[in-house]
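Please treat every number below as a calculation from the coordinates, not as lab data. As the structure is a computational prediction, the values presented were derived from the model and not from experiment. Cβ coordinates were reconstructed from backbone atoms using ideal geometry, including for glycine residues, and neighbour counts include every protein chain displayed.
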Ligand SMILES: CC(C)(COP(=O)(O)OP(=O)(O)OC[C@H]1O[C@@H](n2cnc3c(N)ncnc32)[C@H](O)[C@@H]1OP(=O)(O)O)[C@@H](O)C(=O)NCCC(=O)NCCS
């Protein structure tokens with residue numbers, strides 16, 4: 001359990017009438033879901049790596065942060081081939097709303113690479129992106145994965161640096177190849 005300012009959050013078993021029971025949490029969001037009640041906007045948010053995604057809702061989220069449209073068939077295959085997909089939902093008993101996402105590819109044993117980290121612009125600045133990364137890193141650690149990389153746009157590098165990420169020494173350790 002962690003305390004974020006005036007907001008109490010719990011993995012499970014936390015006695016707070018704003019939080020879902022362990023059973024309801026698991027039924028709606030799957031195993032190892034993590035819930036967090038944000039008092040500023042009176043919303044319950046849930047992180048999960050086992051709840052499935054509505055592809056159209058996911059694409060809408062990624063477009064809302066300014067990324068280009070991708071064919072849904074390819075998106076589905078990319079998700080199917082990903083190691084871990086984490087969703088962040090604003091809880092609603094009937095229609096949870098997807099407001100954050102991140103995924104990893106990798107060999108499942110040693111290496112993983114993080115892709116598509118996004119928080120709906122309406123919900124940015126509340127600490128949700130940081131928590132999404134923490135949840136994702138915990139999921140990777142649970143799998144025993146020891147080396148994680150990601151690609152960051154220059155205007156987001158500080159976001160990752162504040163969470164302990166280090167930049168590769170310029171030109172020393174990294175190589176890229178693009179097909180066009
Ligand atoms: C980057 C992103 C995921 C951050 O999500 P968020 O919920 O707004 O971030 P948080 O509120 O958790 O911020 C955590 C910390 O990072 C800082 N931060 C957030 N966005 C930042 C940015 N773009 N640049 C630098 N610092 C940033 C916050 O100020 C905060 O700092 P603090 O811990 O000192 O208070 C979100 O802005 C986003 O989806 N951006 C568009 C998509 C994108 O660029 N994704 C990254 C792909 S590489």
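Structure above, values below:
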quantity: Computed lengthening from residue 64 to residue 81, 0.36 nm per intervening residue step minus Cα-Cα distance; calculated: 3.7 nm
quantity: Angle between the chain longest axis and helix 128-142 axis [Cα atoms, degrees, rounded to 10]; calculated: 80 degrees
quantity: Two-site label geometry, residue 147 and residue 21: point separation in nm, points 7 Å out along Cα→Cβ; calculated: 4.7 nm
quantity: Equivalent ellipsoid semi-axes - Cα gyration tensor, the range 2-161, angstrom; calculated: 24, 18, 17
quantity: Acute angle (nearest 10 degrees) that the helix 55-64 long axis makes with the longest principal axis of the chain, alpha-carbon atoms; calculated: 70 degrees
quantity: Simple label model, 7 Å out from Cα along Cβ direction - residue 167 to residue 40, nm; calculated: 2.7 nm
quantity: Two-site label geometry, residue 74 and residue 110: point separation in nm, points 7 Å out along Cα→Cβ; calculated: 3.0 nm
quantity: Burial ranking of peptide ranges 33-42, 140-149, 54-63 (average Cβ count within 10 Å, highest at the top); calculated: 33-42, 54-63, 140-149
quantity: Helix-only mean residue ellipticity at 222 nm for the chain, each DSSP H run of n ≥ 4 adding -39500 (n - 2.57), per residue, nearest 500; calculated: -7500 deg cm²/dmol
